[in-house]
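Trainee: Can you keep this structure in mind? I'll have questions shortly.
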Amino acid sequence: MVVVMKERASDEQVEHVIAHLVELGMDVHRSSGASRIVLGVVGSGKVDPRLIELLDGVHEVLRISEPYKLASRTFKAEDTVIVSGDVRIGGDEVIVMAGPCSAETETQVNSSAAAVKRAGAKVLRGGAFKPRSSPYSFQGLGEQGLQMLRSAANAQDLKLITEVMDISQIEVIDKYADFFQVGARNMQNFTLLRELGRTRKPVMLKRGISATIEEWLLSAEYILSGGNTQVMLCERGIRTFESATRNTLDISAIPVVKQLSHLPMFVDPSHGTGRRDKVGAMARAAVAAGADGLIIEVHCDPDRALSDGAQSMFPGQFDRLMAELRIIAPAIGRSICLEPVARRGWAR
């Protein structure tokens, strides 16, 4: 349930309500709205809302009908904005994260980072630990890859996002990355999600390949309930009967999630289609549908990439896409990197 405090409720009144709820066996998560303090109350304790409404400073008590409580708009009506340095996720600007699927060599990482920065990306994406369907496929360079990615991000003044696959990787990734990414295969790895809830670094949670939107939001709830409020969601395509693309990118999930939840919403058109010639169209559609950001794979030599080369854009393609997005975003009241670094010509 949600406890909405009165506009002029004092800190003492708020703390008294929190203490009372904790005494009843509940976990309380405090959120400040536009004019009132809101308390999200979850747990297995028994609480009579009528008695809570009688406490000093309480305006009203609302039941949250959704199984996900802290991710719900009932708990927090305003959009969550995640701030990391000069990057504001969930605000007016559409944030673009881009880079190679995997860190392979220093030259490859540095050239890719320079290319996406030049086009206007704010965050470098790249994997050091790679979950692959086959045990014989390239699995990533581990900490060596993280060092390459961090160095390239620093050189281009970019933030860094990379995937965490296991609890044992949290500590080492935390040393290098600005954002944790939870991949589709780990969306329901609840042990990992609980541990990420104990961190205070932003987490991107990708939708599982067969997950419903409700299941996806419940997975986000695991992170939120641990106290980490910096969660963003990422639609990356779901598995359907269609085989023309790698996955079926669910563009309709954007407005649905934006209505149900206050969490920022990203789209991954690279995994969503599996083909670089389809990425641009889906990225444009995602921005038009209201996505708060995009995460796109870009590689300077994708035909020789060690992983996901077919869905990785050439720098020239990404550069043109960013120019197109700068036309689309203002039409829906958004912006997208209005001051990109001066672009150079690319062969492709």
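Trainee: Got the relative contact order for the stretch 82-331 handy, in percent, Cα pairs under 8 Å and 6 or more residues apart?
Mentor: On the way: 534 pairs, mean separation 47.8, N = 250.
Averaging sequence separation for qualifying contacts and normalising by length gives 19 percent for the stretch 82-331.
Trainee: Could I have the simple spin-label model distance between residue 323 and residue 62, label points 7 Å from Cα toward Cβ, reported in nm to one decimal?
Mentor: With each label point 7 Å from Cα toward Cβ, the separation is 4.6 nm.
Trainee: Another question, if that's okay. Residue-wise, which Karplus ³J(HN,Hα) couplings in Hz belong to the stretch 43-48, taking 6.51 cos²θ - 1.76 cosθ + 1.60, θ = phi - 60°, and x for glycine or proline?
Mentor: x, 9, x, 9, 10, 9
Trainee: From the backbone phi of the stretch 309-326, what are the Karplus-calculated ³J(HN,Hα) couplings (6.51 cos²θ - 1.76 cosθ + 1.60, θ = phi - 60°) in whole Hz, Gly and Pro given as x?
Mentor: x, 5, 9, 8, 7, 6, x, x, 5, 5, 4, 5, 4, 4, 5, 5, 5, 5
Trainee: Of all beta bridges DSSP finds with both residues in the chain, what is the antiparallel percent, to the nearest 5?
Mentor: Within the chain, antiparallel bridges account for around 40 percent of the total.
Trainee: Sticking with this one: Which residue, 264, 100, 135, has the most motion in a Gaussian network model of the chain that connects Cα atoms within less than 10 Å?
Mentor: Greatest mean-square fluctuation among the candidates belongs to 135.
Trainee: For residue 46, go through the lysines and keep the ones whose alpha-carbon is under 19 Å away, minus same-chain ones fewer than eight residues off.
Mentor: Candidates past the 8-residue exclusion: 69.
Trainee: Applying the Karplus parametrisation 6.51 cos²θ - 1.76 cosθ + 1.60 with θ = phi - 60° to the phi angles of the stretch 142-149, what ³J(HN,Hα) value in whole Hz is obtained for each residue in order, glycine and proline being reported as x?
Mentor: Ordered by residue, 3J(HN,Hα) equals x, 4, 4, x, 4, 5, 4, 5 Hz.
Trainee: While we're looking at this one, here's another question. With a cut-off of at most 14 other beta carbons within 10 Å, and DSSP calling the residue loop, which chymotrypsin sites (Phe, Trp or Tyr not before Pro) in the stretch 96-180 qualify? Please list them.
Mentor: Answer by residue number: 136.
Trainee: Which of the three applies to the stretch 82-331, rounded, prolate or oblate, going by the alpha-carbon gyration tensor with a ≥ b ≥ c and a/c under 1.5 meaning rounded?
Mentor: Judged from the Cα gyration tensor, the stretch 82-331 comes out rounded (a/c under 1.5).
Trainee: Here's a follow-up. When a footprinting reagent is the concern and you count Cβ atoms within 10 Å, what order do 143, 221 take, fewest first?
Mentor: The order, fewest Cβ neighbours first, is 143, 221.
Trainee: Cross-chain or 8 or more residues apart, Cα under 20 Å: how many lysine pairs in the stretch 82-331 fit that? Count them up, please.
Mentor: For the stretch 82-331, the number of qualifying lysine pairs is 14.
Trainee: Follow-up. Name the long-range amide H neighbours of residue 94: under 5 Å, sequence gap of 5 or more, or other chain; modelled H, no Pro or chain starts.
Mentor: For residue 94, whose amide H was placed from the backbone, the distant partners under 5 Å are 335, 336, 337.
Trainee: If you put +1 on each Lys and Arg Cβ and -1 on each Asp and Glu Cβ, how big is the dipole of the chain around its Cα centre, in Debye rounded to 20?
Mentor: Charge dipole of the chain: 920 debye, to the nearest 20.
Trainee: Let me ask something else about it. Please sort 155-168, 110-123 by packing, taking for each peptide the average over its residues of neighbouring beta carbons within 10 angstrom, highest first.
Mentor: Working: 155-168: 19.5, 110-123: 23.4.
Order by mean packing, descending: 110-123, 155-168.
Trainee: What are the residues whose amide H is under 5 Å from the amide H of residue 204, where those residues sit 5 or more places off or on another chain and H is modelled from the backbone?
Mentor: Here 180, 181, 182, 232 satisfy the definition.
Trainee: Hey, another quick one. Can you sort 7, 60 by how many other beta carbons sit within 10 Å, fewest first?
Mentor: 7, 60
Values in this text are rule-based calculations from the coordinates and carry no lab data. The structure displayed is predicted, hence computed values, not measured ones. Note that we place each Cβ from the backbone using ideal geometry, even for glycine, and neighbour counts take in every protein chain shown.
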